[in-house]
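Here is the structure we will look at.
Throughout, read-outs are computed from the coordinates displayed, never taken from laboratory work. This one's a predicted model, so the numbers in the text were calculated from it and none came from an experiment. Positions of Cβ are generated from backbone atoms using ideal geometry, with glycine treated the same way; all protein chains shown enter the neighbour counts.
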Amino acid sequence: MTVQTTQVQVGIVGGGPAGLMTALLLKRQGISAVVVETRSQETIRTTHRAGILEDATVEMLTQADIGSRVHSHGHEHEGTVLSFDGERRRIDFQQLVGRSVWLYPQNEVFHDLATAWQAEGGEIHWEVSEVSVEGLQTSSPQISFTDSEGAAQQIQAELIVGADGSRSMCRKLIPEEIRTDHFTAYPYAWFGILVEAPPTHPELIYANSEDGFALISQRSETVQRMYFQCDPDTDPADWSDEAIFERIQSVLGGEDSIQLQRGPIIEKTVLPFRSYVCEPLNWARLVLAGDAGHTVPPTGAKGLNLAFCDVRALIPQITAFFADASRDSAALDEYSRTALDRVWRAQSFSYWATTLLHRQPEENPFSQRRRRGEFEALTGTEAGRTYFADAYTGWKA
Ligand SMILES: Cc1cc2nc3c(=O)[nH]c(=O)nc-3n(C[C@H](O)[C@H](O)[C@H](O)COP(=O)(O)OP(=O)(O)OC[C@H]3O[C@@H](n4cnc5c(N)ncnc54)[C@H](O)[C@@H]3O)c2cc1C
């Protein structure tokens with residue numbers, strides 16, 4: 001069978017936010033890249049995932065001349081509300097650390113990046129199958145795949161970026177004797193809904209009560225995102241719309257009687273949690289970026305932002321790698337070290353926020369009361385509020 005081959009400097013596996021941002025920023029450094037992606041552009045465009053962007057993520061989207069609509073279509077959030085047993089405490093990000101976050105859905109981020117990449121003539125193969133990566137210990141590693149027309153293709157590169165998400169095939173190519181898989185699972189999940197209704201509240205509300213956790217989030221003027229804590233094996237079909245709204249309203253509680261804006265539920269999903277880090281993030285001619293290298297529970301809103309942090313750390317090191325004629329791996333080692341420093345901070349914040357805000361299966365009166373004490377220490381002191389604001393909006397230092 002004839003195999004069509006393409007020569008390029010960097011081959012990228014995965015056309016999500018990490019892969020596309022890497023491709024775009026490499027192009028600005030004069031480094032050529034080609035992306036392969038198993039899903040269709042339309043499927044990714046219509047899949048709902050993250051929505052909160054740190055201001056450094058917004059800066060990347062706007063400063064890289066990508067034409068992102070984040071400022072025209074996104075919403076700036078200068079703070080958030082934490083609620084325990086109905087008692088609300090607002091964390092004022094702007095006042096505490098001088099930064100905000102932006103609500104701008106991940107599928108819109110993806111659309112901006114894919115549009116920019118294709119408008120600039122960037123090559124991307126959608127809906128590919130049978131993807132494999134070989135030759136990582138040679139100077140010319142390859143990505144082989146079957147394209148959407150059924151034709152065999154090969155990308156011959158000098159470096160491969162594995163940006164293929166949380167079920168990454170690329171990371172498994174790092175030999176087991178070199179790779180450490182740090183992993184922890186959680187005994188609960190999020191039941192997420194999309195509701196056709198106006199916003200219940202202008203800012204996110206992270207709520208806890210004896211029934212566990214709930215999150216009031218937003219998507220647009222007409223569609224809202226809400227979550228509540230559930231067992232990981234919950235079947236969404238077992239919950240009626242009425243029961244879902246009742247649960248979220250009960251966790252929200254409160255004397256200020258914030259009433260949920262209800263409407264038709266257009267999507268129900270159960271999102272299991274896990275924390276995962278692959279160390280190191282590079283081996284031979286492979287580097288990992290985004291969820292391929294690490295996964296966090298969604299409580300701290302860090303997943304998508306960490307993918308962008310990786311890319312920020314990666315671009316100068318790939319540039320240094322190509323500037324050195326011997327293609328020394330020191331720059332890629334440095335990428336792994338720098339990125340992992342941030343990843344572990346984000347793991348710590350996400351784990352802590354998750355355990356603070358969720359009901360544990362072995363919960364007893366002591367543990368519920370202890371978490372209430374932690375909530376008071378966090379929200380009742382400027383040091384506590386500043387820690388939360390600094391971490392949530394994305395550490396500058
Ligand atoms: C249901 C869900 C809800 C989430 N909610 C939140 C949230 O509320 N807040 C938050 O911060 N984060 C959230 N996340 C996490 C966030 O979406 C991810 O951190 C983010 O998508 C990471 O971007 P990425 O580009 O690394 O990975 P992805 O977006 O997963 O992109 C990887 C891409 O690689 C492609 N791919 C996979 N295997 C191959 C292959 N072999 N060959 C070619 N292509 C391949 C996939 O199709 C995918 O498009 C959520 C994730 C999920 C799954």
Yes or no: the range 33-46 includes at least one residue that is crowded, with 20+ Cβ neighbours inside 10 Å, touching a Pro at 6+ places or on another chain (Cβ under 7 Å) and either in contact (Cβ under 8 Å) with a residue 40 or more places away in the chain or of a type in the set (S, T, Y) (or both).
no
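Yes/no per residue for (1) out of contact with any strand residue (DSSP E or B) (no Cβ under 6 Å at 6 or more places or on another chain); (2) closer than 30 Å to V81 by Cβ:
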{"site": "D291", "(1), (2)": "yes, yes"}
{"site": "H294", "(1), (2)": "no, yes"}
{"site": "P297", "(1), (2)": "no, yes"}
{"site": "N305", "(1), (2)": "no, yes"}
{"site": "A320", "(1), (2)": "yes, no"}
Just checking, how many residues over the range 7-19 are within 15 Å of the ligand (Cβ to nearest atom), out of contact with any Ser or Thr (no Cβ under 8 Å at 6 or more places or on another chain) and outside any loop (DSSP other than H, G, I, E, B)?
5
Residue pairs, Cβ under 6 Å, 6 or more apart or interchain, first in the range 123-149 and over 17 Å from I44 (Cα atoms), second surrounded by 15 or more Cβ atoms within 10 Å (Cβ to Cβ) and of a type in the set (K, R). List them.
L136/R285; P141/R285
Determine the pairs where a residue that is free of Cβ contacts under 8 Å to residues at least 12 places away in the same chain, located within the range 52-65, has a partner that is more than 14 Å from the ligand (Cβ to nearest atom) and in a helix (DSSP H, G or I) with Cβ atoms under 6 Å apart, the partner being 6 or more residues away or on another chain.
none
When the residues of the range 321-336 are filtered to those that are over 13 Å from L286 (Cα atoms) and touching a residue at least 12 places away in the same chain (Cβ under 8 Å), which remaining residue is nearest to the ligand (Cβ to nearest atom)?
E334
Boolean, S83 is touching a residue at least 60 places away in the same chain (Cβ under 8 Å) and within 15 Å of the ligand (Cβ to nearest atom):
no
Restricting attention to the range 162-189, and to residues there that are touching an Asp or Glu at 6+ places or on another chain (Cβ under 7 Å) and of a type in the set (S, T, Y), which single residue is nearest to the ligand (Cβ to nearest atom)?
S166
Identify the residue in the range 281-320 that is within 12 Å of the ligand (Cβ to nearest atom), of a type in the set (V, I, T) and outside any strand (DSSP E or B) and, among all such residues, is surrounded by the most Cβ atoms within 10 Å (Cβ to Cβ).
V311
Being within 20 Å of the chain's Cα centre (by Cα) and either among the basic types (K, R) or closer than 18 Å to G162 by Cα (or both) is the filter here; which residues of the range 338-374 pass it?
T338, A339, L340, R342, V343, R345
Near pairs, Cβ below 9 angstrom, 6+ apart or cross-chain, from the range 203-223 (closer than 16 Å to A189 by Cβ and in a loop (DSSP other than H, G, I, E, B)) to any residue that is away from the ligand (no atom under 13 Å from the Cβ) and of a type in the set (S, T, N, Q):
D211/Q229; D211/S250
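Within the group G74, G67, G30, G51, which residue is near the ligand (Cβ under 8 Å from one of its atoms) and among the small types (G, A, S)?
Going through G74, G67, G30, G51 in turn, just one is near the ligand (Cβ under 8 Å from one of its atoms) and among the small types (G, A, S): G51.
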